[in-house]
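**Student:** Before I ask anything, let me first share the structure, which is written out below as structure tokens.
The values are calculated or read from the model by the stated rules, or taken from the named source; none is laboratory data. Keep in mind the model is a prediction, meaning the values are calculated, not measured. Cβ placement follows ideal geometry from the backbone for every residue including glycine, while neighbour counts extend to all protein chains displayed. Calculation scope for accessible area: heavy atoms of the full protein, side chains included, ligands and nucleic acids excluded. Shrake-Rupley method; radii C 1.70, N 1.55, O 1.52, S 1.80 Å.
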Amino acid sequence: MYRYDQAAWHGTDAVAAQVNLRDYPELRGYLVEPLDNGNLSFVFFAEDDAGRYEFARLEMDGSKVLSGGILESEERTRLSPRLEAMADARASAIDELKRQEWRFCSNSPANTLIFPPDDEGTVPVYFLTSTTEANLFPFGGHYRIDVKADGSVAASRKFTNSCLNLGLRKGPNGEKPVGIGVSHLLDEEPTEIHYFQSYYVPAKVFVMIDGAAWVIEKGKLDEKIEDFGQ
């Protein structure tokens, strides 16, 4: 999730540095897919009467743009079948998000992470509350919707019952904080959202579940502390 998010974030910045995206109402969004060499391809796509096509394509290594950019008119191709499936899933997931009346926890546009179809053609789609302030980390307002090949919803979930915008502050004498704590009620262990957010929190993330603390740092579980705080 972190690699895809980094590619989407910095790929969008790279395209926006070349053109004003508001000048292109035909743009519909971005997609990220894996490449055979281990890098990721970031595609900004648009739509006309004939269907969806690539507006820009970049090769990304994490947050770094390796190559590519906005395509000339003669270079623009229709989306591949895989990217079409991902774009279709995104549209179906947006409909489900609206049906559920799920809301986000900041005023800025939500981020989307769309993964390639699995062996059965199901596409996982994440909608993530975006960060708007330094040292403020949203652990609520994130959703996952799995979309089947026929456009129907296979499963959907929210990751919290409410907004959890958690701050990370220094101690009274300027001490660097050791970690940030978040209680979790909906699962018996941390979710992918906790691991994902831990990449952005410059400290350990303590996920409290049924009296235990799961300690996560940079996407990895460091330890599980039973009877935490007792």
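**Student:** Residue by residue through the range 138-160, note down the ones that are in a loop (DSSP other than H, G, I, E, B) and hydroxyl-bearing (Ser, Thr, Tyr). Step through it out loud before you land on a result.
**Tutor:** Filtering the range 138-160 for residues in a loop (DSSP other than H, G, I, E, B) gives 139-141, 148-152, 159-160.
Hits for the range 138-160 are Ser152, Thr160.
**Student:** So if I check each of Asp5, Asp13, Asp49, which one is open to solvent by 50 Å² or more (accessible area, probe 1.4 Å) and within 26 Å of Arg144 (Cα to Cα)? Walk me through how you get there before you give the answer.
**Tutor:** Values: Asp5 fails: open to solvent by 50 Å² or more (accessible area, probe 1.4 Å); Asp49 fails: within 26 Å of Arg144 (Cα to Cα).
Checking each option against the conditions leaves just Asp13.
**Student:** Additional query: If I ask for residues that are without any contact (Cβ under 8 Å) to a residue 12 or more places away in the chain and either in a helix (DSSP H, G or I) or open to solvent by less than 20 Å² (accessible area, probe 1.4 Å) (or both), which ones from the range 95-137 would you list?
**Tutor:** So in the range 95-137, the residues without any contact (Cβ under 8 Å) to a residue 12 or more places away in the chain come out as 95, 98-99, 101, 118-119, 133-134.
Passing the criteria: Asp95, Lys98, Arg99.
**Student:** Just need a number here: residues in the range 138-167 that are surrounded by fewer than 16 Cβ atoms within 10 Å (Cβ to Cβ), under 22 Å from the mean Cα position of the chain (by Cα) and more than 19 Å from Asn107 (Cα to Cα).
**Tutor:** 6
**Student:** Next question. Take the residues in the range 58-94 that are surrounded by 13 or more Cβ atoms within 10 Å (Cβ to Cβ) and among the β-branched types (Val, Ile, Thr); name whichever of them is farthest from Arg28 (Cα to Cα).
**Tutor:** Val65
**Student:** Collect the residues in the range 6-27 that are among the aliphatic types (A, V, I, L, M) and over 22 Å from the mean Cα position of the chain (by Cα), keeping them in residue-number order. It would help to see each step written out before you state the result.
**Tutor:** Filtering the range 6-27 for residues among the aliphatic types (A, V, I, L, M) gives 7-8, 14-17, 19, 21, 27.
Val19, the sole residue that qualifies.
**Student:** Have a look at Phe44, Phe55 and point out the one that is open to solvent by less than 20 Å² (accessible area, probe 1.4 Å), more than 17 Å from Asp146 (Cα to Cα) and under 18 Å from the mean Cα position of the chain (by Cα).
**Tutor:** Going through Phe44, Phe55 in turn, just one is open to solvent by less than 20 Å² (accessible area, probe 1.4 Å), more than 17 Å from Asp146 (Cα to Cα) and under 18 Å from the mean Cα position of the chain (by Cα): Phe44.
**Student:** Report yes if Gly179 is open to solvent by less than 70 Å² (accessible area, probe 1.4 Å), more than 23 Å from Trp102 (Cβ to Cβ) and either among the β-branched types (Val, Ile, Thr) or modelled with pLDDT under 95 (or both), otherwise no. Steps first, answer last, please.
**Tutor:** Numbers: open to solvent by less than 70 Å² (accessible area, probe 1.4 Å): yes; more than 23 Å from Trp102 (Cβ to Cβ): yes; either among the β-branched types (Val, Ile, Thr) or modelled with pLDDT under 95 (or both): yes.
For Gly179, the condition - open to solvent by less than 70 Å² (accessible area, probe 1.4 Å), more than 23 Å from Trp102 (Cβ to Cβ) and either among the β-branched types (Val, Ile, Thr) or modelled with pLDDT under 95 (or both) - is met.
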